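Reviewing the structure listed below.
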Amino acid sequence: MKISDNTLYLEDISAELIMQEYGSPLYVYEESVLRSCFRQLISGFPEGLLRIHYSMKANSNQSILKILCEEGSSIDAVSEYEVRLALESGFEPGQIIFTGNNNNLEEIEYCVEQKVLINLGSLALLELYGNRHSGTTVSVRINPGLGAGHHAHCITGGPDSKFGIYHDQIDSVLELAKKYSLTINGVHSHIGTGIFEAEPMLEAMEMTLAVAEKFPDLEFVDFGGGFGIPYRPDQSALDMNDLSQKMTHRFREFMKNYGRDLEMKIEPGKLLVGPAGILLTTVTNISETPKYRFVGVDSGFNHLLRPTIYGAYHRIINASCVSGNEEDIVVVGNICESGDILSRSGEEINRRLPSPKIGDRLAFLDVGAYGMSMSSQYNFRPRPAEILVKEGRSRLIRSAESYEDLTRNFPSI
Ligand SMILES: Cc1ncc(COP(=O)(O)O)c(C=O)c1O
């Protein structure tokens, strides 16, 4: 992303040109950013120690999956269809770990058939699985008893969380493994998303390793994702160099005590794809109350849900006039809900931006993760197209939905 002539450019193409070609609104991804996020992360760990399983729930566009596959990523999948798409995008079954939650047995059976790694997060599921597939190999997701994240809804560890087998129930895992002759080849935890401090990550690692040492047949320990990216201009990034060194040191120490080499897995989503994505929109309306100046765009929480459900901040740029006379505005979408506010940051909804006018293009930054993948057809509005840009060229990687796409599953009368 760069600014030239007071307008926004993505990989040397102006946002305006992209929108003239493909319409509005649009999700646009910069390929070089995507590749460099992956390369930067992997380069922080010694060769051969770490396997990165991209958490495809962050963004499941097939072109993005193929790029990450080329880069050498593996996959963290959460549903049968995610597994299917990963397989169809070039990932080998052994590169995919399936960590469903409250998934049904059919999904597990599909993964068994496909020879995908299965990671079970409850004693009940382990019992059901063991009953059907005694003598096989699985890993277990544990709840290490602590969680962290940028919002309460994003914390996936600790006593309030539905995820994983609580760390004090490990004896029951060992009993079930014995009862059904299961080999437990991995221990997994994921404590939340949007974490900016190394401490909770390292604490969870400690708890996970304390559980892992009870299993004699491990091939890997998986520490999940959750690595935060700076959404605000004044926010410092999680120091990944420091964290990767500390994780490497601790893991090597663990392997020494364990008695053999294991694979360390992590499952980043946001860290890999978040910074690569931008949502481009067009200003369609401006209105005022005694309190606020509202700037309406042709998108909304149907396309970018994070501000509405988490109060999450996304930088907004007036791509048609990046700097100029600024004013406080509230950027709102075209969804019939008063919560449809895209400039939200917690309770604050005003944002200071160069005065937009109708027809200006507003860009929402760092939306590559949990942007399109959390979108919906609410208000019977289609999802936007997705575009990939690379070295001055753009390409459509998913068409915008049409009226026919929205109606095709109704029975014909
Ligand atoms: C099991 C698991 N792994 C990894 C992730 C990725 O998290 P993030 O995108 O914050 O890295 C998630 C996200 O919720 C998850 O549930």
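Just a few scattered comments:
- Between the beta carbons of Arg293 and Cys336, assuming R0 = 22 Å, the FRET efficiency works out to 0.60 to the nearest 0.05.
- Gaussian network model of the chain, springs between alpha carbon atoms under 10 Å - residue of Gly44, Gly194, Gly300 with greatest fluctuation: Gly44
- Cβ-derived FRET efficiency at R0 60 Å, Asn409 paired with Leu202, nearest 0.05: 0.80
- The calculated FRET efficiency for the pair Arg132 and Glu213, based on their C-beta separation and a Förster distance of 35 Å, comes to about 0.75.
- Computed over the chain with a Gaussian network model linking Cα atoms closer than 10 Å, the most mobile of Glu31, Glu11, Glu219 is Glu219.
- Extended-chain gain in nm, criterion 0.36 nm per residue less alpha-carbon gap, Glu175 and Ser323: 46.9 nm
- Of all beta bridges that DSSP places with both ends in the chain, some 50 percent have antiparallel geometry.
- Each residue, Gln114 and His151, gets one label point 7 Å from its Cα in the Cβ direction; the gap between the two is 2.8 nm.
- For the set Lys178/Lys265; Lys214/Lys246; Lys57/Lys390; Lys66/Lys246; Lys66/Lys214, the pairs lying more than 28 angstrom apart at their alpha carbons are Lys66/Lys246; Lys66/Lys214.
- A full extension of the chain between Ile286 and Ala124 corresponds to an added length of 52.9 nm, given 0.36 nm per residue minus the alpha carbon distance.
- Put a plus charge on the Cβ of each Lys and Arg, a minus charge on the Cβ of each Asp and Glu, and nothing anywhere else: the dipole of the stretch 12-163 about its Cα centre is then about 500 debye.
- Residue-averaged [θ]222 nm for the chain, counting only DSSP H segments that reach four residues, each worth -39500 (n - 2.57): -8500 deg cm²/dmol
- For the pair Gln20 and Ser402, the difference between a 0.36 nm per residue extended length and the Cα-Cα distance amounts to 135.7 nm.
- Using the Cβ of Phe38 as centre and a radius below 10 Å, the other residues enclosed give a net charge of 0, where K and R count +1 and D and E count -1.
- Gaussian network model of the chain, springs between alpha carbon atoms under 10 Å - residue of Thr289, Thr136, Thr308 with greatest fluctuation: Thr289
- Residues whose placed amide H lies under 5 Å from that of Ile387, excluding near-sequence neighbours: Tyr27, Val28, Tyr29, Ile397
- Here Lys357 is the anchor, and the lysines within straight C-alpha reach of less than 24 Å, apart from those fewer than 8 places off in the same chain, are Lys2, Lys291.
- Whole-Hz ³J(HN,Hα) from phi, Karplus 6.51 cos²θ - 1.76 cosθ + 1.60, for the stretch 323-340, glycine and proline x: 10, x, 4, 9, 8, 7, 9, 10, 8, 10, x, 9, 9, 7, 8, 6, x, 7
- The chain, relative contact order in percent, only Cα pairs under 8 angstrom and at least six apart counted: 19 percent
- Total formal charge among the other residues, if their Cβ is under 15 angstrom from that of Glu199, Lys/Arg +1 and Asp/Glu -1: -3
- Label-point separation, Leu105 to Lys66 (7 Å along Cα→Cβ), nm: 3.8 nm
- Distant-in-sequence amide contacts of Leu362, defined by a placed amide H-H separation under 5 Å and a gap of 5 or more residues or a different chain, comprise Thr281, Thr282, Val283, Ala319.
- Only Lys, Arg (+1) and Asp, Glu (-1) charged, at Cβ; the stretch 31-272 dipole about Cα centre in debye: 120 debye
Read the figures in this text as sums done on the coordinates, not as results from a lab. This structure is a prediction, so every number in the text was calculated from the model and none was measured. As a convention, Cβ positions derive from the backbone with ideal geometry for all residues, glycine included, and neighbour counts pool all protein chains shown.
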